[in-house]
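Read the structure below first, then the notes.
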Amino acid sequence: MTVAVKNTLPFERGDTYNEGDFLTLGDGVMKSLEGRLFWAKDTVHDSGMPVGLIAVKNDTGAAITVANSFAKFSSSSEFDFPRRIGTFPNNTAGGICVALDDAYTVGGTIADDDIFWCVFWGPVSVLADASSAASLATGLAVASNNAGCIKDGAAAAGEVVLGRLAYAASWTAATAATVFMAVDFKATPAAG
């Protein structure tokens, strides 16, 4: 049975808040949207499951080039976590981060101070470590490496488990793998 999810997103997956360039972006633009959680239908993996999205601001100081990677929260000011992304891709191995929504086109850009989607719950594609990726297996407890990719091997003691590897199908280093994200920001939706 699938869960019916009403799509009430303030902007579509694969777009940013300012996609139409209707605002002059700045640090305070749409601050009320930062860190808000939404549930949407899985339109990328066709899993029939809901996807938990978090609206985050690009606080890196420059445009982000879209890649299937984990994004690190800013820690510059109080309450930047979990509202603003300070580093993309994530550069802290084992740290808390979220996956950039894979509805974005790889190679595209997200302007500085724009608001965009990251996935905190549900299926999302993230690049595997550039090493041999020999230790990736179905159900693996996923952590990030210092390049924003799935760490080669299970999350170790002291590392944040971001989710589980969805399946183990002929892995190749530096290619996208499906992760079932389960970062604990709030409870999953009730079945209905």
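Observations on the structure shown:
- Some residue of the stretch 73-89 being closer than 18 Å to residue 9 by Cβ, free of Cβ contacts under 8 Å to residues at least 60 places away in the same chain and charged (D, E, K, R): yes
- Hey, residue 156 outside any strand (DSSP E or B) and over 30 Å from residue 9 (Cα atoms) or not: yes
- Of the strands (runs of 3 or more DSSP E) that lie entirely inside the stretch 44-101, those containing 1 or more residues that are hydroxyl-bearing (Ser, Thr, Tyr) and touching a strand residue (DSSP E or B) at 6+ places or on another chain (Cβ under 6 Å) span 84-87.
- Any hit, the stretch 22-38, residues being crowded, with 16+ Cβ neighbours inside 10 Å and touching a Gly at 6+ places or on another chain (Cβ under 9 Å): yes
- With respect to the conditions (1) modelled with pLDDT under 90; (2) under 25 Å from residue 50 (Cα atoms); (3) surrounded by 13 or more Cβ atoms within 10 Å (Cβ to Cβ), residue 106 lacks only one, and its number is (1).
- Residue 79 meets all of the listed conditions (1) at pLDDT 95 or above; (2) closer than 23 Å to residue 160 by Cβ but one, namely (1).
- Some residue of the stretch 121-128 being part of a loop (DSSP other than H, G, I, E, B), modelled with pLDDT of 95 or more, touching a Pro at 6+ places or on another chain (Cβ under 9 Å) and within 22 Å of residue 45 (Cα to Cα): no
- Which numbered condition residue 153 fails, given (1) in contact with an Asp or Glu (Cβ under 8 Å, 6 or more places away or on another chain); (2) on the phi > 0 side of the Ramachandran plot: (1)
- Of the residues 131, 69, the single one that is buried (at least 22 other Cβ atoms within 10 Å of the Cβ) and touching a residue at least 12 places away in the same chain (Cβ under 8 Å) is 69.
- Here the stretch 5-36 is the region considered, the condition is being hydrophobic (A, V, I, L, M, F, W, C) and in contact with a Pro (Cβ under 9 Å, 6 or more places away or on another chain), and the residue that is modelled with the highest pLDDT is 33.
The values are calculated or read from the model by the stated rules, or taken from the named source; none is laboratory data. Being a predicted model, the structure only gives us computed values, none of them experimental. Cβ sites come from the backbone with ideal geometry, for glycine too, and all protein chains shown count toward neighbours.
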